[in-house]
Amino acid sequence: FAVDLQGYLQLAPGMSAGEYEIAALSDDGSIVDIDTNNDGQLERLIDNDGYHAPQLECADRVLTLSSNTKMKIRLRYYQGPRQTIALTVVMRKLPDGTGVTQDPDCGFGDSSAATPSDRWYGNISTAPGYVPNVTTS
């Protein structure tokens, strides 16, 4: 299956203005396009496309957001083979004045893990019929 989500990226009430890093963790392909200049033109910030185990890809640049910022965003995702399904889009505020622009996990894929998804999701079973709960997840 595949999804094509379109909407807006903006800070939630109470979030502080500053520079933010955005990333997508997916199994399989995901692409994130954002209108960073507010000119109607979407720019590809994350290309995590292809068949792969859960993999984190980060935007190659930071986004400067304030309480007034509202950017168009488009997220495309498709699920390939049924072994693992994963899609998480996250953002974090970078510490002011640090110059940090990439999380150390950017680009990490867990296909080499003993059980795919261990790095991101712990020992959650992918067996048919498994229902996770707060205690075990």
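FYI, it's all coordinate maths here, none of it is from the lab. Fair warning: this is a prediction, and the values are worked out from it, not measured in the lab. Neighbour counts run over all protein chains shown; Cβ positions are idealised from the backbone, glycine included.
The order of the peptides 33-45, 17-29, 63-75 by mean Cβ neighbours within 10 Å, most packed first, is 17-29, 63-75, 33-45. Per-residue Karplus couplings for the range 51-59, computed as 6.51 cos²θ - 1.76 cosθ + 1.60 with θ equal to phi - 60°, are listed in order as 7, 6, 5, x, 9, 9, 10, 10, 4 Hz, Gly and Pro entered as x. For the range 83-93, putting each phi into the Karplus relation 6.51 cos²θ - 1.76 cosθ + 1.60 with θ = phi - 60° gives couplings of 4, 9, 10, 8, 7, 9, 10, 10, 9, 9, 7 Hz, in residue order, rounded to whole numbers and with x for Gly and Pro. Local charge for Ile34 was computed over the other residues whose Cβ lies under 9 Å away, with Lys and Arg +1 and Asp and Glu -1, and equals 0. Based on C-alpha pairs under 8 angstrom that are at least 6 apart in sequence, the range 1-113 has a relative contact order of 39 percent. Residues with beta-carbon under 10 Å from that of Ala23, excluding Ala23: net charge, scoring Lys, Arg +1 and Asp, Glu -1? Counting the neighbours of Ala23, the net charge comes to -3.
For the range 1-46, the Kirkwood hydrodynamic radius comes to 12.8 Å, computed from all pairs of different C-alpha atoms.
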